[in-house]
Amino acid sequence: MDAVSRVLGPDLLRVAVALATSTGAGACVSRKWTRGLSRRERFAWSAAAGLLVQAAVLLLLLAFPARPDAVRILLGEAAVALTGLVLSRGGGAGALSRRPASAREKAAIVLLAALAAAAWLVFFVGALADGMYATDYLAFWGYKGKIVFLTGEVPLRLFRDPALYFAHREYPLLVSFTLAALAFFLGNWNDQALALLYPFAALATLLAISGFLARRVSRVAGAGAAALASLCVFLYRPANAGTAEIPFALGLVLASSAAIDALEGGTASVTARLVLASLFGASLKQEGTLFVFLLAVVLALHLRGRARLVSCAALVLPASLHWIALYLLRGNQTRRDFDFTLFEPRRWLELPALFAQVVGRFLSIGAHEALLPLLAVAVYLLVTRRGIADALLPVFPAQVLFYAVAFSVSSFDPMYAIDGAFRRIAMSLFPAFALVLGARPASPTRAASPGSI
Amino acid sequence: MERAKRALAGLSLVVLAVSLVSPLDRDGTAARFRRFAAAVSGDPAYRSDRMSFWFDPDYAAFLDDVRRRTPESATVAVLVPRRPDLYKYQAYYRLAPRRVVEERWIGEADVVATYHTETGRGPGGIEIIGGRLWTR
């Protein structure tokens, strides 16, 4: 039943409880390898781990004849949480030694935090003012979740029905499973209350940025980068509720922060965070696999010996195993978005012209819509000192370059595909980019080690 | 020099922030705050699917009627306008878990529902809100 005239409050509260319990389970699971991180970072890692735990519990329950509900999901999460607590026994939370902020710094932090909070509030209200209505939500992310919720299974027709040719059968399923799990917890499909997932993911993203930079750079840098990310209206807007981009931005921020820590020397905790970030990113969007592979290249270039091997494996293996699991679930799927025959030798000559056309469109968008912000970024990079995250800077243009290649082999008119999707997918990179920018003003002066206890 | 660099860095971040926030639609945001308040307070005039059917507000009632009249196990062919493609996606989404198909798979359908299309002007069927319905 769709909610068109139901009072929002009770359903919203129940979804909030579902997100809180999954985050609690995630906190227990991630406790061992988030010691020494700031509280805000621990919240973000717990949120991501919790969403994975919740989806795993859902799949487990769906494998049994009993229909998932709030009690069964809670019991499943409690079992996982208990296991996590037992496995992470011993040791307390690592204490962060923090240089006290000056009065001027405190004022700046308060101002920037208030700005980020205001921007987040605007997004929160906007996302929940209406039922989710994004095209991508209706056509696949929400559609698949609703089918799972209403049928109580993951029906094979989602992957085999020719009539669902538009529903991107090859896409990862974490967003759909999360929406379904929240609906099972809620007891009905209220696509307005379920939209709480998006402000929740946005909050976790902002906390991850500010917490990471507060630990590794300075509290002002953390507050500034979080405020900057929160103002990214092209990403944090109501029309993106229901799509994968907002949770995906969280995945990219977590993967980037773990990779930056890994650059300073891997520990078991950092490796575990790379594993989680890889799995989380790959489960949200196909581009997540690309991003973690690019991070693996960066780590391969900057690390040596065992640290290089372990860190790269921690990024590459989970994303690859996720792809294999998805393959087993849905079988081989054609990618209707892409015409891979363009990679065959007989069509190679077509590629340069298509690529030039796509890059031309990118440049046109950059010149007409983003010239000022791009210039601002260039100036900022020129006048600031090298930062702890600079090694990650090439990842962002590389990701966009791969988008250009992907658009070049589009099955449809590449211009149509670019105009429909490029801005949205490019802007999902922005919070992670803000993290890298925020790491630039100062060199690491903190005592807290990246591996953290 | 150091102070000038800091000032330039700060200025570039302000420019970046202003550019990022510039697409914000103030009137639209104010309207969303009002709709959110209406949703939370249980205002009877509020409908959460209003934005979903911006392209055709009457289409929601048609899909609701098709849903009421068809079993969940049915395969429903929906013959709806081709543009915008939201007609199709809304039908798939709103009629779930029914299997919804387009005209080219009409032979597999237990029920055919038409809305504002030429095909819907054929004989037979029953009149429903905004269209016609044929049951096989």
Using a Gaussian network for chain B with springs between C-alpha atoms less than 10 Å apart, which of these wobbles most: B:100, B:40, B:78? B:40
Classify chain A: rounded, prolate or oblate, from the alpha-carbon gyration tensor (a ≥ b ≥ c, eigenvalue square roots; a/c under 1.5 rounded; otherwise prolate if a/b is larger than b/c)? rounded
Quantify how strongly other chains surround peptide B:74-85 by giving the mean number of their Cβ atoms within 10 Å of each of its Cβ atoms. 1
Neighbour-count ranking for A:362, A:248 (other C-beta within 10 angstrom, fewest to most) reads A:362, A:248
Which value, in debye to the nearest 20, describes the size of the charge dipole of the range B:53-135 about its Cα centre when Lys and Arg Cβ atoms bear +1, Asp and Glu Cβ atoms bear -1, and nothing else is charged? 80 debye
Taking 2.2 N^0.38 Å as the expected size of a compact globular protein, what ratio does the Cα radius of gyration of the range B:2-41 give against it, to two decimals? 1.95
Taking a point 7 angstrom from the Cα of residue B:37 along the C-beta vector, which residues in the range A:109-146 have backbone N less than 19 Å away? A:118-119, A:121-131
In terms of the charge dipole of the protein assembly as shown, which places +1 on Lys and Arg and -1 on Asp and Glu at the beta carbon, the residue among B:12, A:57, A:399 farthest towards the positive end is B:12
Run the simple label-point estimate for residue A:7 and residue A:367 please: 7 Å along Cα→C-beta, distance reported in nm. 5.7 nm
Reduced to Cα centres, the span from the range A:341-360 to the range A:2-73 in Å works out to 44 Å
So how tilted is helix B:2-21 from the main axis of chain B? Cα-based, degrees 0 to 90, rounded to 10. 20 degrees
For the range A:117-237, the dipole about the Cα centre with charges only on Cβ (Lys and Arg +1, Asp and Glu -1), to the nearest 20 debye, works out at 380 debye
Assuming R0 = 45 Å, what is the FRET efficiency of residue A:99 and residue A:317, from their Cβ-Cβ distance, to the nearest 0.05? 0.75
Across B:28, B:107, B:124, the residue with the highest GNM fluctuation in chain B (Cα network, 10 Å cutoff) is B:28
Residue order, fewest to most beta carbons within 10 Å, for A:419, A:130, B:56: A:419, B:56, A:130
Using every alpha carbon pair in the range B:53-135, what percent of pairs falls into each 10 Å bin from 0 up to the bin containing the largest distance? 20, 61, 19, 0
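Let me have the relative contact order for chain A, percent, based on Cα pairs under 8 Å that are six or more residues apart.
Value for chain A: 21 percent.
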Longest span of chain A, sites excluded, free of trypsin sites (Lys or Arg not before Pro) in DSSP loop with at most 15 other C-beta atoms within 10 Å? A:99-303
Ordering A:114-120, A:192-198 by per-residue average of other C-beta atoms within 10 angstrom, highest first, gives A:192-198, A:114-120
Inter-label distance, nm, simple model (7 Å from Cα along the C-beta direction), residue A:160/residue A:400: 4.4 nm
Dipole size in debye (nearest 20) for the protein assembly as shown around its Cα centre, Lys and Arg Cβ +1, Asp and Glu Cβ -1? 2040 debye
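In terms of the Cα gyration tensor, with a ≥ b ≥ c the square roots of its eigenvalues, is the range A:201-260 rounded because a/c is under 1.5, prolate because a/b exceeds b/c, or oblate?
Since a/c reaches 1.5 but b/c is at least a/b, the shape of the range A:201-260 is classed as oblate.
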Give, in nm to one decimal, the length gained when the segment between residue A:297 and residue A:69 is fully stretched (0.36 nm per residue of separation minus the Cα-Cα distance). 77.8 nm
With a 23 Å threshold on alpha-carbon distance, the violating pairs from A:32/A:146; A:32/A:106; A:146/A:285 are A:32/A:146; A:32/A:106
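Would you mind giving the mean number of other chain beta-carbons within 10 Å of the Cβ of each residue in A:371-380, as a whole number?
Numbers: counts 1, 5, 8, 2, 4, 11, 5, 1, 7, 8.
Average neighbour count from other chains, rounded to a whole number: 5.
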Under a 5 Å amide H to amide H cut-off, with H placed in plane at 1.01 Å, what residues pair with residue B:128 once short-range neighbours are removed? B:133
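What does the average come to when, for each residue of peptide A:227-238, you count the partner chain Cβ atoms lying within 10 Å of its Cβ?
Mean shielding count: 4.
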Mind sorting B:117, A:267, A:243 by how few other Cβ atoms lie within 10 Å of their own Cβ, fewest first? B:117, A:267, A:243
Simple spin-label estimate for residue B:72 and residue B:110 in nanometres, 7 Å along Cα-Cβ: 1.2 nm
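We did not get these values from a lab; they are worked out from the coordinates using the rules stated. A quick note: this is a predicted structure, and the numbers were derived from the prediction, not measured. All Cβ positions, even for glycine, are placed from backbone atoms using ideal geometry, and neighbour counts span all protein chains on display.
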